[in-house]
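Asks: To start, I am sharing the structure in question, which I have written as structure tokens.
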Amino acid sequence: MKKLVVVFMLVASTLSFSKNTKTKVVKDNTPDYRAYILGDDKGNIFYQENATQKYPLASVTKVMTIIVALDEIRKGNISMYDEVTIDWEILSAGGSAIPMASGEKIIVLDLLKSAAIKSANNAAYALAKHAGKGSIPKFIEMMNEKARNLGLENELEFYTPAGLPDHMTKKKLDMGTANGIYKLSIEALKYPEYIAIARQKTAEIKNGTYKLKSTIHLLGKEGIYGLKTGYHTKSRFNITVLSDKEKANIVTVVMGGKSPKIRDEKIINLNESFYEQYKNKEIIKKDIPVVILPLVGGYASEVKVYGTKTFSKIVKKDADVSIITEREKKLIAPIKAGTSVGSYKVLVNGEVVFKDKLIVRKNIEKKRIIDKIIDLF
């Protein structure tokens, strides 16, 4: 009995040690994300980390695919309702997909919806082949040319139209920086037809026979209304989103999230932090006078003077915003509509952020002598 007891104790001790060892191994030191950036639609950046380091893009690549396809539509080279014939090259794209059959015809609009909302790789390949006049490599060249035209050739590099991993495509990985995707997302805002699609949580294609569901689970939260997610094992979980809460149009990019939950939580945390600290302040409205000046020699005693543009800026909630004008103390009639009568500057915390002319919006007539005489009586 004593031997049996001893053996049992040794086994129990060994089991206990193995359990403790396993607990230590399970600890994950992988960072929660690789990079992020948050900025407004004018290029002003508020938060960033590792934003200029290149990482695999995965399906965020499709933002460029959709933009280039829309460029071809705008040029008249293809149309939204072109029928694209599906072939083996399109069908060979793996991963996320919509149902397709060889020889089937699918319209461009349905392919755009599928690529933007469901992130369908075969839809992205179909768009690329059609817009590239039958050549996917030619379309890839068009994607990189667009990057060059946007000044992003050092921040974005494309080898596929869908962002699939290299072991599937036998090509290099599509690569980019968080800053590059941020700037590309600002470019996407110039395509209202893209944004209208990206806003949709669900959509129907193929005459309502197939339903798409957005891969962006954050739509509607913190004013988020698009734009694109991406994932494969080498990229981890990427996302770029647009938000217009409280009239502050911002773009937030997170790359290399350890999980979808961690990635999405980082987006929400960044957005909440931004809206707690900043606001979009409408400083100048072109239909509201900047200043009212005394008028001499006219039918009125004063004249409203306006800026030529509306100006708003995202500023910290406690920022000191002021307007300084440079103009005559009084105006003398007659004055033609559109005449510049001075200028003004907008300052935020003492720094000039905007300059504009001051103009008279209406013709100001000189008072006739007879009217002056009548006034004396």
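Asks: What shape does the stretch 78-140 take by its C-alpha gyration tensor, where a ≥ b ≥ c are the square roots of the eigenvalues and a/c under 1.5 counts as rounded, a/b above b/c as prolate, and the rest as oblate?
Replies: Judged from the Cα gyration tensor, the stretch 78-140 comes out rounded (a/c under 1.5).
Asks: May I ask for the angle, rounded to the nearest 10°, between helix 178-188 and the longest principal axis of the chain, with both axes built from Cα atoms and the value confined to 0 to 90°?
Replies: 60
Asks: Kindly provide the chymotrypsin sites (Phe, Trp or Tyr not before Pro) of the stretch 251-355 that DSSP labels as loop, not H, G, I, E or B, and whose Cβ sees at most 13 other Cβ atoms within 10 Å.
Replies: 299
Asks: Further question on the same structure: Using r as the Cβ-Cβ distance of residue 91 and residue 259, and R0 as 35 Å, what FRET efficiency do you calculate, to the nearest 0.05?
Replies: 0.70
Asks: Pull up all non-local amide H partners of residue 298: gap of 5 or more, or a different chain, and H-to-H distance under 5 Å with H placed in the peptide plane.
Replies: Hits under the 5 Å cutoff: 333, 367.
Asks: Under the 0.36 nm per residue contour assumption, what length would be gained going from the current alpha-carbon distance of residue 296 and residue 361 to full extension?
Replies: 21.7 nm is the gain from fully extending residue 296 to residue 361.
Asks: Find out how many positive minus negative residues lie around residue 346, taking Lys and Arg as positive, Asp and Glu as negative, among other residues whose Cβ is under 12 Å from that of residue 346.
Replies: Local net charge: +1.
Asks: Okay, next question. Could you order peptides 201-213, 244-256 by the average number of other Cβ atoms within 10 Å of their residues, highest first?
Replies: Result, highest mean first: 244-256, 201-213.
Asks: Same structure, new question: Using Cα centres only, tell me the gap between the stretch 273-289 and the stretch 300-336 in whole Å.
Replies: The two parts, judged by their Cα centres, are 16 Å apart.
Asks: Okay, next question. Provide the per-residue ³J(HN,Hα) series for the stretch 297-307, in order, calculated from phi with Karplus coefficients 6.51, -1.76, 1.60 and θ = phi - 60°, each as a whole number of Hz, with x at glycine and proline positions.
Replies: So the J values, rounded to whole Hz, are x, x, 7, 10, 8, 8, 9, 7, 10, 10, x.
Asks: Accessible area of the stretch 136-248 with a 1.4 Å probe: how many percent of it is carbon plus sulfur?
Replies: For the stretch 136-248, the apolar C and S fraction of the accessible surface comes to 50 percent.
Asks: Percent of alpha carbon pairs in the chain separated by more than 29 Å?
Replies: For the chain, the fraction of Cα-Cα distances above 29 Å is 56 percent.
Asks: Further question: All other residues with a Cβ under 13 Å from the Cβ of residue 210 taken together, and with Lys, Arg as +1 and Asp, Glu as -1, what is their net charge?
Replies: Counting the neighbours of residue 210, the net charge comes to +2.
Asks: From the Cα gyration tensor of the stretch 139-268, with a ≥ b ≥ c the square roots of its eigenvalues, which class applies: rounded if a/c is under 1.5, or else prolate if a/b is larger than b/c, or else oblate?
Replies: Because its axes are fairly even, with a/c under 1.5, the stretch 139-268 counts as rounded.
Asks: Once the other residues with Cβ under 13 Å from the Cβ of residue 260 are scored (Lys, Arg +1; Asp, Glu -1), what is the net sum?
Replies: +2
Asks: What are the ³J(HN,Hα) couplings of the stretch 114-129, residue after residue, when phi is run through the Karplus curve with 6.51, -1.76, 1.60 and θ = phi - 60°? Round to Hz, x for glycine and proline.
Replies: 5, 6, 7, 8, 8, 6, 6, 5, 5, 5, 5, 5, 5, 4, 4, 5
Asks: Give the residue list of GluC sites (Glu not before Pro) in the stretch 323-352 that are DSSP loop and have at most 13 other beta-carbon atoms within 10 angstrom.
Replies: The qualifying sites are 328.
Asks: Continuing with this model, one more query. So if each residue of separation counts as 0.36 nm, and I subtract the Cα-Cα distance between residue 74 and residue 287, what length gain in nm does that give?
Replies: The residue 74-residue 287 span can extend by a further 73.4 nm.
Asks: Quick check: the distance between the Cα centres of the stretch 85-141 and the stretch 31-66, to the nearest angstrom?
Replies: 25
Asks: Taking loop as defined by DSSP and a crowding limit of 11 other beta carbons within 10 Å, which chymotrypsin sites (Phe, Trp or Tyr not before Pro) in the stretch 73-150 fit?
Replies: 81
The values are calculated or read from the model by the stated rules, or taken from the named source; none is laboratory data. Fair warning: this is a prediction, and the values are worked out from it, not measured in the lab. Cβ: placed from backbone, ideal geometry, glycine included. Neighbour counts: every protein chain shown. Heads up: the accessible areas ignore ligands, DNA and RNA and are worked out on the full protein's heavy atoms, side chains in. Shrake-Rupley method; radii C 1.70, N 1.55, O 1.52, S 1.80 Å.
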